[in-house]
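**Student:** Just dropping this structure here.
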Amino acid sequence: DKEGAHKFLSIGALLNYLSPDKPEVQYAIKECMRRASSPCAGDLTALKRVARFILHLPREVVTFKWQDYRDHVKVCVDADFAGCMATSRSTTGAFLTLRGPDTRFPLSAASQKQTCVSKSTTEAETVAADSGLRAEGIPALDLWDKLFQRNVELKVLEDNEAMIKIMKFICSFKV
């Protein structure tokens, strides 16, 4: 019905607005909003469940003293292999932090469905690393180079051993 669809879109818009500050629910919000074009009663229930979860999260306040940051930004990437039951596509997750001697300051987080269907976990992780570097890491690197007026190093954290070995092998050649 029209009223239920309007309520779904209203709650969904609010949750999308909050999602950059709540990386722990980005995936759930994304999955709920996939049905935004024609929501049913079950979709509204799922969205309300996410909203209730956020309401019960403790209030977070980020405070930190100024310090000279080290020369690196870290992007942590991960993928779930064939996580979507309907399309068999994987989901990419990326988390970008600025590291200091005593702090890790979160800059951004992202969760999105991959545009291709991967045939293995290693392939899904490679697509996730590429996406994380292109969307989060490299643009942030340019920004921090300009702000600090020096070269800032970008480090990529990955948990798939096969993908790490392939990347080390490929990077050993001069391109």
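The values are calculated or read from the model by the stated rules, or taken from the named source; none is laboratory data. Small disclaimer: the values here were computed from a predicted structure and weren't measured. So basically every Cβ, Gly included, is an ideal-geometry build from the backbone, and we count neighbours across all protein chains shown. What goes into the accessible areas is simple: the full protein's heavy atoms, side chains included, and nothing from ligands, DNA or RNA. Shrake-Rupley method; radii C 1.70, N 1.55, O 1.52, S 1.80 Å.
**Student:** Take the residues in the stretch 153-170 that are under 13 Å from Phe95 (Cβ atoms) and surrounded by 15 or more Cβ atoms within 10 Å (Cβ to Cβ); name whichever of them is modelled with the highest pLDDT.
**Tutor:** Among residues in the stretch 153-170 that are under 13 Å from Phe95 (Cβ atoms) and surrounded by 15 or more Cβ atoms within 10 Å (Cβ to Cβ), the one modelled with the highest pLDDT is Glu158.
**Student:** Evaluate the stretch 63-76: report whether one residue or more is in contact with a Phe, Trp or Tyr (Cβ under 7 Å, 6 or more places away or on another chain), open to solvent by 80 Å² or more (accessible area, probe 1.4 Å) and not aliphatic (A, V, I, L, M).
**Tutor:** Yes, that holds for at least one residue.
**Student:** If I go through the stretch 27-61 residue by residue, how many of them are under 30 Å from Thr103 (Cβ atoms), open to solvent by 100 Å² or more (accessible area, probe 1.4 Å) and not acidic (Asp, Glu)?
**Tutor:** Counting residues in the stretch 27-61 that are under 30 Å from Thr103 (Cβ atoms), open to solvent by 100 Å² or more (accessible area, probe 1.4 Å) and not acidic (Asp, Glu) gives 4.
**Student:** List the pairs whose first member sits in the stretch 129-152 and is within 16 Å of Ala109 (Cα to Cα), whose second member is surrounded by fewer than 17 Cβ atoms within 10 Å (Cβ to Cβ) and of a type in the set (Gly, Ala, Ser), and whose Cβ atoms are under 6 Å apart, counting only residues at least 6 apart or on separate chains?
**Tutor:** Listed by first residue and then by second, the contacts come to Glu136/Ser108.
**Student:** Run Phe8 past the list (1) open to solvent by 40 Å² or more (accessible area, probe 1.4 Å); (2) of a type in the set (Phe, Trp, Tyr); (3) part of a helix (DSSP H, G or I) and report the number of the one that doesn't hold.
**Tutor:** Answer for Phe8: the failing condition is (1).
**Student:** Under 9 Å between Cβ atoms, which residue pairs at least 6 apart in sequence (or on different chains) link something in the stretch 12-26 that is over 11 Å from Ala109 (Cα atoms) and open to solvent by 60 Å² or more (accessible area, probe 1.4 Å) with a partner that is of a type in the set (S, T, N, Q) and modelled with pLDDT under 85?
**Tutor:** If the second residue must be of a type in the set (S, T, N, Q) and modelled with pLDDT under 85, no pairs are left.
**Student:** Here's something else I'd like to know. Checking Ala86 against (1) in contact with a helix residue (DSSP H, G or I) (Cβ under 9 Å, 6 or more places away or on another chain); (2) at pLDDT below 85; (3) under 25 Å from Asn16 (Cβ atoms): exactly one of these is not met. Which one?
**Tutor:** (1)
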